[in-house]
Amino acid sequence: MQAIIMAAGKGSRLGSLTENMPKSFLEIKGIKMIEYNISMLHAFGIKDIIIVTGYQSEKFEELAEKIEGIHCVFNPFYEMVNVLGSFYMAKDFLHDDFVYLHADTLCAPEIFEAMLQEDGDMILPVDYGPCDEEAMKVKVKDGKVIEINKTMECETSEGEFIGIAKINKSVIGELNKAAIELMKEKAFASYFEGAVQRVIDEQNFLVKPLPTRGYFWNEVDFVQDYQRASAGIPDSLIQMARKEF
């Protein structure tokens, strides 16, 4: 199994916290967020890791030199495209079942393990409940994700996709095709989920939601997110990372 980590963004909404470092180099309990994600992948036997970089890419390259199995792919257009553009830059390196995740998102080992164990072509962990406008919202029907975007009305969504997914290698061709189509359409502001929606619309694959069941997860976009992650991160995740970093 492989993993692809989206780490190109600048993290400007965190203000002075990311003035001299990529967002995922922010430390929680003395450990960088990117290190938490790498240690989680390693703990579940995933060593073939692609990191898509942009802002201060050299810091990720220095980190990769110390850890076997990490390959950095630089997105030179990171300031002009959204997350889908970063996925597009690295899509040709994917050839096996893979985990997709954001460098600025953390989750409890329980969510990650349940995701790996779940059967389906795409497994999308979902935090069921009320969402805000910023959330990547989902609709579910008959046990399948039928819609995923940020633009749907909050009251019509059933929960928020946490930005971590397991994707079967059988989906790679269709996912890459969707990414290429969107880039040709100049949908440079599109999220990765734009390509996921096109895969869903084809109805050839089983795209399943996985309830987070109240376990910890946190995306860090704003200072308040960072404070919440620092206060709520579980000991199990901290101990997992400390074994390696």
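Summary value for the stretch 1-157: 24 percent relative contact order, contacts being C-alpha pairs under 8 angstrom separated by 6+ residues. Residue separation of N204 and E27 scaled by 0.36 nm, minus their Cα-Cα distance, works out to 59.6 nm of gained length. Cα gyration tensor of the stretch 68-212, axes a ≥ b ≥ c as square roots of the eigenvalues: rounded (a/c below 1.5), prolate (a/b > b/c) or oblate? Judged from the Cα gyration tensor, the stretch 68-212 comes out rounded (a/c under 1.5). Would you mind classifying the stretch 1-138 by shape? Square roots of the alpha carbon gyration tensor eigenvalues, ordered a ≥ b ≥ c; an a/c under 1.5 is rounded, otherwise it is prolate if a/b is larger than b/c and oblate if not. Rounded.
The relative contact order of the stretch 99-245 comes to 33 percent, based on Cα pairs under 8 Å that sit 6 or more residues apart.
Across the stretch 175-245, the relative contact order, built from alpha-carbon pairs under 8 Å that are at least six residues apart, equals 20 percent. Sorted into 5 angstrom bins from 0, the C-alpha pair distances of the chain split as 1, 6, 14, 19, 21, 19, 12, 5, 1, 0 percent.
If both residues of a DSSP beta bridge must be in the chain, then about 50% of such bridges are antiparallel.
Distance from the Cα centroid of the stretch 193-245 to that of the stretch 63-140 is 9 Å (rounded to whole angstrom). Ordered from longest to shortest, the equivalent ellipsoid semi-axes for the stretch 38-93 are 21, 13, 9 Å, each the square root of 5 times a Cα gyration tensor eigenvalue.
Fully extending the segment from S230 to F245, taken as 0.36 nm per residue of separation minus the present Cα-Cα distance, adds 3.7 nm. The H on the amide N of L124, modeled in the peptide plane, is under 5 Å from the matching H of K208, L210, each at least 5 residues off or on a different chain. Subtracting the Cα-Cα distance of K141 and E62 from their residue separation scaled by 0.36 nm leaves 24.0 nm. Inter-label distance, F93 to L17: 2.6 nm, where each label sits 7 Å from its Cα along the C-beta direction.
Since every read-out is calculated from the coordinates, none of them should be taken as a lab result. Every value quoted in this text rests on a predicted model; they were computed, and no experiment measured them. FYI the Cβ positions are ideal-geometry reconstructions off the backbone, even for glycines, and counts take in every protein chain you see.
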